[in-house]
Amino acid sequence: MPVKKTILLFLIALVSSSCRMSYSFTGASIPIEAKTISIDYFPNQASLVVPSLSQTLTEALRNRFITQTPLQLIRRNGDLNIEGSIISYITQPVAIQGTEQAALNRLTISVRVKFTNKFDEKQNFEQTFTRFEDYPFTANLNAVQDNLIQLIVEALVDDIFNKAVVNW
């Protein structure tokens, strides 16, 4: 009996040590060698600039990786690296009614992201992520802007996180 247990434990150890990915409860799939991540500040290069947007997006992205992966955030040259910029911030009417008046307006934010994985170059990507939220035409954008930005940033962070480390 002890020999069988020893062999079984050896096989379990062998199989688990041959896995190349680390998994978490969030579904993140990160190379076991990866210990650090660097996430550069996302400058706002859109024609319409909201001063707080760059900071809000950058901090939300950093927070997601800190709280949902075992990676340590460092300033530069992480095993995984995310960089990019906000390239579009626009509001426009949607859902035009018969009176040619918009029933809704739409705030759309687009970010360009470059992801680099030092251990698996097949995971590298450069992609534009776009999300939007609609708001009533009767609402003043300044009154609803902060809430809309929070919702859009949350969705953008989900998209970027999933593309970078969730390989479903």
Within the range 88-120, considering residues that are among the aliphatic types (A, V, I, L, M) and crowded, with 18+ Cβ neighbours inside 10 Å, the one nearest to ALA139 (Cα to Cα):
LEU107
Among the residues listed as ALA143, ALA103, ALA139, ALA155, the single one being assigned to a strand (DSSP E or B) and among the hydrophobic types (A, V, I, L, M, F, W, C)
ALA103
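Given the criterion within 23 Å of PRO31 (Cα to Cα), part of a loop (DSSP other than H, G, I, E, B) and not acidic (Asp, Glu), identify the matching residue among PHE115, PHE119.
Numbers: PHE115 fails: part of a loop (DSSP other than H, G, I, E, B).
After ruling out the rest, the residue left standing is PHE119.
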Pick from the range 25-41 the residues that are part of a loop (DSSP other than H, G, I, E, B) and touching an Asp or Glu at 6+ places or on another chain (Cβ under 8 Å): which of them is surrounded by the most Cβ atoms within 10 Å (Cβ to Cβ)?
ALA34
From the list ILE66, ILE74, exactly one residue is without any contact (Cβ under 8 Å) to a residue 24 or more places away in the chain, within 24 Å of PRO31 (Cβ to Cβ) and among the hydrophobic types (A, V, I, L, M, F, W, C). Which is it?
ILE66
For the range 105-134, give me the residue count where each residue is modelled with pLDDT under 95 and of a type in the set (Phe, Trp, Tyr).
1
Among the residues of the range 1-13, which ones are at pLDDT 50 or above and either of a type in the set (A, V, I, L, M) or part of a loop (DSSP other than H, G, I, E, B) (or both)?
MET1, VAL3, ILE7, ILE12
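Would you point out which residue out of SER24, SER29, SER16, SER54 is polar (S, T, N, Q), modelled with pLDDT under 95 and out of contact with any helix residue (DSSP H, G or I) (no Cβ under 8 Å at 6 or more places or on another chain)?
Details: SER24 fails: out of contact with any helix residue (DSSP H, G or I) (no Cβ under 8 Å at 6 or more places or on another chain); SER29 fails: out of contact with any helix residue (DSSP H, G or I) (no Cβ under 8 Å at 6 or more places or on another chain); SER54 fails: modelled with pLDDT under 95.
Of SER24, SER29, SER16, SER54, the one residue that is polar (S, T, N, Q), modelled with pLDDT under 95 and out of contact with any helix residue (DSSP H, G or I) (no Cβ under 8 Å at 6 or more places or on another chain) is SER16.
The values are calculated or read from the model by the stated rules, or taken from the named source; none is laboratory data. From a predicted model like this one, the values you see are computed outputs, not experimental measurements. Ideal geometry is used to build each Cβ from the backbone, glycine not excepted, and the neighbour counts take in all protein chains shown.
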